[in-house]
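*Asks:* After the structure tokens below, expect a handful of questions from me.
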Amino acid sequence: MGKITFFQDRDFQGRCYNCISDCPNLRVYFSRCNSIRVDSGCWMLYERPNYQGHQYFLRRGKYPDYQHWMGLSDSVQSCRIIPHTRSHKLRLYERDDYRGLMSELTDDCACVPELFRLHEIYSLHVLEGCWVLYEMPNYRGRQYLLRPGDYRRYHDWGGADAKVGSLRRVIDLY
């Protein structure tokens with residue numbers, strides 16, 4: 001169970017909307033979002049309806065303006081709660097369709113190129129848990145939610161290219 005509150009203005013001001021489950025279209029409740037409070041759970045926000053566009057991972061905390069969640073604008077139009085799991089495991093492949101060198105990961109990785117000597121990952125298989133993939137090292141750049149399942153090509157996780165800089169397990173630290 002999670003709870004997230006969206007505010008139209010910065011510093012938790014203006015009209016607000018409380019959400020406790022996935023919502024494919026937040027535009028019904030507000031036209032812009034400039035601050036957020038996450039009371040419980042981990043969430044993925046999307047800049048467009050139906051879980052499309054740039055993605056932003058948020059965990060419990062206060063985000064007084066969109067730059068605090070690495071947002072590019074005040075556009076948040078859908079959200080998804082990320083289920084809590086205790087174990088995490090994924091496999092990375094240097095080529096599409098699970099070909100080439102395979103590496104397995106069970107913990108956060110701040111720099112995929114340094115650890116695995118790969119600058120591009122073309123396919124992934126998430127065996128356990130949910131992960132956030134970042135296009136740059138040290139958990140920066142575009143973000144993509146990876147749920148358990150098959151990602152035969154980088155397009156399957158929504159990537160514009162095969163750049164993978166870091167990977168983080170989705171864990172509610174509280």
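The values are calculated or read from the model by the stated rules, or taken from the named source; none is laboratory data. Computed from a prediction, not measured in an experiment: that's the story for all the values here. When we count neighbours, we look across all protein chains shown, and the Cβ atoms used for this are built from the backbone with ideal geometry, even at glycine. Side chains are part of the model used for accessible areas, which takes the heavy atoms of the whole protein and leaves out ligands, DNA and RNA. Shrake-Rupley method; radii C 1.70, N 1.55, O 1.52, S 1.80 Å.
*Asks:* Put one equal scatterer on each alpha carbon of the stretch 3-82, apply the Debye formula with no solvent term, and list log10 I(q)/I(0) at q = 0.19, 0.21, 0.25 1/Å to two decimals.
*Replies:* Reported log10 I(q)/I(0), two decimals: -0.66, -0.83, -1.28.
*Asks:* Going by the alpha-carbon gyration tensor, a ≥ b ≥ c the square roots of its eigenvalues, is the stretch 1-45 rounded (a/c under 1.5) or, if a/c is not under 1.5, prolate (a/b greater than b/c) versus oblate?
*Replies:* The shape class here is oblate.
*Asks:* How high is the FRET efficiency between Lys62 and Tyr98 when r is their beta carbon distance and R₀ equals 35 Å, given to the nearest 0.05?
*Replies:* Once rounded, the FRET efficiency stands at 0.30.
*Asks:* I want to make sure I understand the PRE zone here: with the label point 7 angstrom from the Cα of Cys111 toward its beta carbon, which residues in the stretch 133-163 have backbone N atoms less than 11 Å away?
*Replies:* 137-138
*Asks:* Would you work out the charge dipole size for the chain about its Cα centre, treating the Cβ of every Lys and Arg as +1 and the Cβ of every Asp and Glu as -1, and quote it to the nearest 20 debye?
*Replies:* The calculation lands at about 320 debye.
*Asks:* Continuing with the same structure: Quick check for you: with a 1.4 Å probe and neighbouring chains kept, what is the accessible area per residue of the chain, in Å²?
*Replies:* Heavy-atom accessible area per residue stands at 50 Å².
*Asks:* Still on this structure, please answer the following. Out of all Cα-Cα pairs in the stretch 89-169, roughly what percent, to the nearest whole number, are more than 15 Å apart?
*Replies:* 46
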